[in-house]
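The values are calculated or read from the model by the stated rules, or taken from the named source; none is laboratory data. Just so it is clear, the model here is predicted, and its values are computed rather than measured. With ideal geometry, Cβ positions are generated from the backbone for all residues, glycine too; neighbour counts draw on all protein chains shown.
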């Protein structure tokens, strides 16, 4: 999910692009194509940036490794580290913003689990750079 500042910038850019295209042409097919190309590029770039930011920290990578084994509560995660609960909460929040982790409330506990969909998207993105065999 985009932050409020990014969402505002995104909507402003779409609005500016829309106005410019409406002024230039009345061809809706070309206009729609440009919008979708722009939107997909912006959304993918924004998503990838948050994923790479989340993966940049060794603590967050270790949290992802723990969640690969099983779903855990924040308290269970804190027990595995020598850092404070607020710090772990901050790391979990960054992982959630990058959509690498999903949280689900069960009673009084919040369970965190690994979101493999985003991992699949990252791998697909990396695979586009694989060199082709000659």
| task | Would you point out which residue out of 35, 122, 77 is at pLDDT 95 or above and out of contact with any strand residue (DSSP E or B) (no Cβ under 6 Å at 6 or more places or on another chain)? | result | 77
| task | Go through the stretch 79-134 and give me each residue that's in the same structural domain as residue 66 (by TED's automatic domain parsing) and assigned to a loop (DSSP other than H, G, I, E, B). | result | 80, 81, 82, 83, 84, 98, 99, 100, 107, 108, 115
| message | Considering only residues that are within 21 Å of residue 120 (Cα to Cα) and either touching a residue at least 24 places away in the same chain (Cβ under 8 Å) or assigned to a loop (DSSP other than H, G, I, E, B) (or both), which ones fall in the stretch 56-78? | response | 56, 57, 60, 63, 64, 67, 68, 70, 71
| query | Failed condition for residue 45, given (1) surrounded by 14 or more Cβ atoms within 10 Å (Cβ to Cβ); (2) at pLDDT below 90, with all others met? | reply | (1)
| query | Can you tell me which residues in the stretch 79-120 are in contact with a helix residue (DSSP H, G or I) (Cβ under 7 Å, 6 or more places away or on another chain) and free of Cβ contacts under 8 Å to residues at least 12 places away in the same chain? | reply | 85, 103
